[in-house]
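A.B. asks: Below are the structure tokens for one structure; questions will follow.
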Amino acid sequence: MDCLFCKITNKEIPAQIIYEDEHVIAFNDINPQAPLHFLVIPKKHISTLNDITEDDRELVGHMIMSASKIAKDQGVAENGYRTVFNCNNHGGQTVYHIHLHVLAGKSLGWPPYQDTLKQPI
Ligand code: 5GP
Ligand code: ZN
């Protein structure tokens, strides 16, 4: 399958892997938006959050549990961090293999960015 994150999972493309187990892998984002920015992905290919099924309930829970564990291991849990799933075009998804962003290491602004079209909500 021609999927970037499947290739990272299969070690066909290098990444700075910070955690791996049977079901998930976590690696540093190539274009970090915070001092610590890593992605937790399932080893199984799922394109978007719209495609998760009842069978994926445990896997998605495991992604979140892994993010929490890694944040503690990386020493950012106490100060805090942000987790984000982007879904499809309006969500800003660019890689179509689900991934949980974890951003940490500074006080993050909210809302995260201004809509470039400056449309009212
Ligand atoms: P999305 O925009 O789909 O929510 O997030 C995709 C993320 O993957 C982006 O933050 C982007 O910087 C990251 N990314 C894209 N290509 C690569 C890559 O080849 N290696 C790594 N480590 N991250 C990547
Ligand atoms: Zn994939």
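A.B. asks: Report the relative contact order of the chain, percent, no decimals, based on alpha-carbon pairs under 8 angstrom and at least 6 residues apart. Mind showing how you got there, number by number?
C.D. replies: Numbers: 158 pairs, mean separation 33.5, N = 121.
It rounds to 28 percent for the chain.
A.B. asks: To the nearest 500 deg cm²/dmol, what mean residue ellipticity at 222 nm is calculated for the chain from DSSP H runs of n ≥ 4 alone, each contributing -39,500 (n - 2.57), summed and divided by the residues? Don't skip to the end; give the middle numbers.
C.D. replies: Values: 3 runs with 27 residues, N = 121.
Computed ellipticity for the chain at 222 nm equals -6500 deg cm²/dmol.
A.B. asks: Hey, which aspartates and glutamates would be in cross-link range of Lys11, C-alpha to C-alpha under 13 Å, not counting anything within fewer than 8 residues on its own chain?
C.D. replies: Reachable aspartates and glutamates: Glu20.
A.B. asks: Whole angstrom only: what separates the Cα centroid of the range 91-105 from the Cα centroid of the range 38-58?
C.D. replies: 12 Å
A.B. asks: Just the number please: accessible area per residue for the chain, 1.4 Å probe, all protein chains included, in Å².
C.D. replies: Working: 8030 Å² over 121 residues.
That works out to 66 Å² for each residue.
A.B. asks: Can you send over the carbon and sulfur percentage of the accessible area for the chain, probe radius 1.4 Å, protein chains only? Could the numbers behind the result be given before it?
C.D. replies: Working: 4130 of 8030 Å².
Percent of accessible area from carbon and sulfur atoms in the chain: 51.
A.B. asks: Would you mind classifying the range 10-50 by shape? Square roots of the alpha carbon gyration tensor eigenvalues, ordered a ≥ b ≥ c; an a/c under 1.5 is rounded, otherwise it is prolate if a/b is larger than b/c and oblate if not.
C.D. replies: Working: a/c = 1.81, a/b = 1.30, b/c = 1.39.
In terms of gyration-tensor shape, oblate.
A.B. asks: Hey, can you rank 43-52, 58-67 by average C-beta count inside 10 Å, highest first? Each step should come with its number before you reach the end.
C.D. replies: On the way: 43-52: 14.3, 58-67: 16.3.
Taking the mean over residues of other Cβ atoms within 10 Å, the ranking is 58-67, 43-52.
A.B. asks: Please compute the modelled spin-label separation between Glu54 and Phe85, points set 7 Å along Cα→Cβ, answer in nm with one decimal.
C.D. replies: The modelled label-to-label distance comes out at 1.8 nm.
A.B. asks: Okay, moving on. If you place +1 on the Cβ of every Lys and Arg and -1 on the Cβ of every Asp and Glu, how big does the dipole about the Cα centre of the range 4-104 come out, in debye to the nearest 20?
C.D. replies: On the way: 8 positive and 12 negative charges, 50 e Å.
Roughly 240 debye for the range 4-104.
A.B. asks: Would the range 4-104 count as rounded, prolate or oblate if I go by the C-alpha gyration tensor, calling it rounded below 1.5 in a/c and otherwise prolate when a/b exceeds b/c, oblate otherwise? Mind dumping the intermediate values first?
C.D. replies: Values: a/c = 1.31, a/b = 1.28, b/c = 1.02.
Cα axes put the range 4-104 in the rounded bin.
A.B. asks: For the chain, just give the cysteines left without a disulfide-compatible partner, judged by no other Cys Cβ under 4.7 Å.
C.D. replies: Cys87
The values are calculated or read from the model by the stated rules, or taken from the named source; none is laboratory data. Bear in mind that the values here come from a model prediction, so they are computed numbers and not experimental data. Positions of Cβ are backbone-derived with ideal geometry, glycine not excepted, and every protein chain shown enters the neighbour counts. In case anyone asks, the SASA skips ligands and DNA or RNA and just uses the protein heavy atoms, side chains included. Shrake-Rupley method; radii C 1.70, N 1.55, O 1.52, S 1.80 Å.
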